[in-house]
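First up is the structure itself, then whatever we jot down about it.
Derivation of every value follows stated rules applied to the coordinates shown; laboratory data play no part. What you are looking at is a predicted structure, and each value in this text was computed from that prediction instead of being measured. So basically every Cβ, Gly included, is an ideal-geometry build from the backbone, and we count neighbours across all protein chains shown.
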Amino acid sequence: MKYLSILLLILLATSCGSNNTLESRKSLLKEKKIALEKLNAEIRILEKEIDEAGNTKKDKTTGTLVTIINLSTDNFTSYIEVQGTVKADNNMILTAESMGIIRTMNVTEGQAVGAGQVIAIQDNDVIQKTIAEIKGSLELADVVFKKQQALWEQKVGTELQFLQAKNNKEGLEKRLQTLESQMRSSSIIAPFSGIVEELFMKKGQNAMPGAPILRLVSTSQVKVLADVSESYLNKVKQGDAVKVYFPSLEKEMDGTIALIGQTINPENRTFKAEIWLANNNGQLKPDLLARVRLKNYEKTQATVIPTNIIQKDKAGLFVFVVDEKNGKTIAKKIRLKTGDTYKNRTEIKEGLQGTEKLVDEGFREVTEGEEVKIIQQ
């Protein structure tokens, strides 16, 4: 009986615990449902507010909400944008004029040199020795010639002796000139001031005539070569001011067209435009890419509007302006004839006087004759 009583007490306690747990879960579920209904109600309110203030900007009493642009005349310029490349006009590979081993190399890559500076010297020992011999022979030949000339003037000796002495002297002089020229050609001399961009040969190497020794570049002044479509041939002229932008440097410079190409490239139907630029700091490197803006069209006091608000239907191009009618502000469709466009600005040739109020934000939602309400941006 004792054990039976204990078992009954355990079963009763377990049953009560299960009931308590179930009731608590039901209570918690009820609380969650109430919270969910409250959250859904808040969501519906927010959705309604967002819908009322949405893209359509409709107002039940005053019509479509729009912003306006007060039109006025302005200077308008459009440009042709083409790609160009920086070129260094003084960009030369210096070569050997004679055969010989390079005995002296006076420069290194990246070194600045001046015009006339001796950059390298080839082996010229044989030429130097030959020149010394010729000079010695020429001294004797000159003495002999002067004596024969004096005798001939005194009618002593024969004319043949005089002519032989003269010919010998002059022959040695010409040979000396040739050797001295060969001596000079054994030296590689800078034809202009610049930077040694690259060395092709080193001291001790044998250079044949025409062999490249080094590349010398001067970038104190560079030119930008741009390919321009032949359709702009009548609009681009020598002396025109241009803007040159270098994307890699994020830098823009003013320039002038120095030369217009006289031929058309048959492959891409373009002609060359050449722009010279000062490059004192050396930032403009050969083959650097550039974007060149060439003036295409210019007009003072032009009627210009944002390109994006221009619409098109079957009848052509149009914009909406606001107008007053019967005490109401309405949208009015104005037909347009446009001119050039550049960077989201379009010139209006016909249709607008320059004093209208154009519909800006909301222009896609309005219709002809519809009432609108102007709001501040």
Taking the mean number of other Cβ atoms within 10 Å as a proxy for protection, how do you rank 248-254, 318-324, 98-104 from highest to lowest?
-> 318-324, 98-104, 248-254
By how many nm would the segment from Lys357 to Arg291 lengthen if fully extended, with 0.36 nm per residue of separation less the alpha-carbon distance?
-> 20.1 nm
Rank the residues Lys295, Lys202 as a footprinting-exposure proxy: fewest other Cβ atoms within 10 Å of their Cβ go first.
-> Lys202, Lys295
Euclidean distance between Cα centres, the range 205-229 to the range 347-377, Å = 59 Å
Per the charge dipole of the range 251-377 (beta-carbon charges, Lys/Arg positive, Asp/Glu negative, Cα centre), the residue among Leu358, Ile310, Leu288 reaching farthest to the positive end is Leu288
Which percent of the Cα-Cα distances in the chain go past 30 Å?
-> 73 percent
Mean Cβ count within 10 Å, highest first, over the residues of peptides 155-162, 334-341 = 334-341, 155-162
Cross-link list Lys251/Lys357; Lys243/Lys357; Lys272/Lys337; Lys202/Lys285: which exceed 30 angstrom alpha carbon to alpha carbon?
-> Lys251/Lys357; Lys243/Lys357; Lys272/Lys337
Residue by residue through the range 75-82, which ³J(HN,Hα) values in whole Hz follow from phi under the Karplus form 6.51 cos²θ - 1.76 cosθ + 1.60 (θ = phi - 60°), with glycine and proline marked x?
-> 6, 10, 9, 10, 10, 9, 10, 10
Sort the following peptides by mean Cβ neighbour count (other Cβ atoms within 10 Å, averaged over residues), highest first: 345-351, 277-283.
-> 345-351, 277-283
Computed over the Cα atoms of the range 98-213, what is the ratio Rg over Rh, Rh following Kirkwood?
-> 1.24
Starting from the amide H of Thr104, placed 1.01 Å from N in the peptide plane, find each other amide H under 5 Å away whose residue is 5 or more places distant or on another chain.
-> Ile121
With runs of 4+ DSSP H residues as the only contributors, calculate the mean residue ellipticity of the chain at 222 nm using -39,500 (n - 2.57) per run, divided by the residue total and rounded to the nearest 500.
-> -10500 deg cm²/dmol
Given a Förster distance of 45 angstrom, what is the FRET efficiency for Leu233 paired with Glu371, based on the Cβ-Cβ distance and rounded to 0.05?
-> 0.30
